[in-house]
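The values are calculated or read from the model by the stated rules, or taken from the named source; none is laboratory data. These numbers come from a predicted model, not from an experiment. These accessible areas exclude ligands, DNA and RNA; they are computed on the full protein's heavy atoms, side chains included. Shrake-Rupley method; radii C 1.70, N 1.55, O 1.52, S 1.80 Å.
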Amino acid sequence: RVRTAILISGRGSNMAALLAAARDPGFPAEIALVLANRADAGGLATAAAAGIPTAVVPSREYGRDRAAHEAAVQAVLEAHGIGLVCLAGYMRLLTPWLVERWAGRMLNIHPSLLPAFPGLDTHARALAAGARLHGCTVHWVTEAMDAGPILAQAAVPVLPGDDEAALADRVLAQEHLLYPAALRLAAGGAVAWPAPAAVLSNPLPGSPPLP
Ligand code: GAR
């Protein structure tokens, strides 16, 4: 099983979904570490309660010195013998230094159908744009933010009367299914970076079946 770290900044619901999936001994990834850049990240308590080692590398203490913060993160990952990293609501831009070290071994989940709506406030922006379909994406992390090769996507409809919270909830339910499925593929060696195309998606009604 691939020793996997999950990096979080907040409540960690995607982290919890990954932990639940990895409880199955047949799952190809073992969650060996949950690392947060904030001591108040809610997900830390969830991870500790599940018996997963946790670490905090507080970005605030490093101020603008991203390099020093990332060097500290990297040292913790190495100390835990980590082979794969999952960003799950980790709200930090990474420098090329860290990205290079984890090329092909770092995944991110993003709450939109990339390449639409990279960055923040994706649900509000999808509503404002009048998007009829929205969703989430798991991609390999590269230097450009939210722009690495796509591994998996799940789509949801935008329904009349949706507000940001309703749409976010509908997407989040899909995130919790998609991220474990994508990690299973990546850790199991079924896909390698750069993935030629999305390899996993939820079929929409009327779309041709997946090969
Ligand atoms: C998730 O919706 C995730 O896709 C998003 O933050 C949320 C974290 O929730 N990530 C980003 O916006 C990355 N830029 P969680 O802590 O409950 O998993």
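Start at zero, step by 10 Å, and the Cα-Cα distances of the range 27-145 spread as 12, 39, 35, 14, 1 percent across the bins. At q = 0.13, 0.21, 0.27, 0.29 Å⁻¹, work out log10 I(q)/I(0) for the range 53-114 with the Debye formula, treating every Cα as an identical point scatterer and leaving solvent out; two decimals please. At q = 0.13, 0.21, 0.27, 0.29 Å⁻¹ the computed log10 ratios are -0.36, -0.96, -1.45, -1.54. At q = 0.18, 0.19, 0.24 Å⁻¹, what is the base-10 log of I(q)/I(0) for the range 1-88 according to the Debye formula with one equal point scatterer per Cα and no solvent? Please give it to two decimals. For the range 1-88, the Cα-only Debye profile gives -0.72, -0.80, -1.20. Considering only Cα atoms, the convex hull volume of the chain works out to 125 Å³ per residue. Taking the centroid of alpha carbons for each part, the range 89-112 and the range 10-88 are 13 Å apart.
Let me check against my output: what whole-number percent is the relative contact order of the chain, with C-alpha pairs under 8 Å and at least 6 apart?
Computed value for the chain: 19 percent relative contact order.
Note on the range 1-93: with neighbouring protein chains present and a 1.4 Å probe, carbon and sulfur make up 53 percent of its accessible heavy-atom surface. Ligands, DNA and RNA are left out, and with a 1.4 angstrom probe the accessible area of the chain is 47 Å² per residue. The candidates TRP97, TRP140, arranged from most to least accessible area with a 1.4 Å probe in the full protein assembly, appear as TRP97, TRP140.
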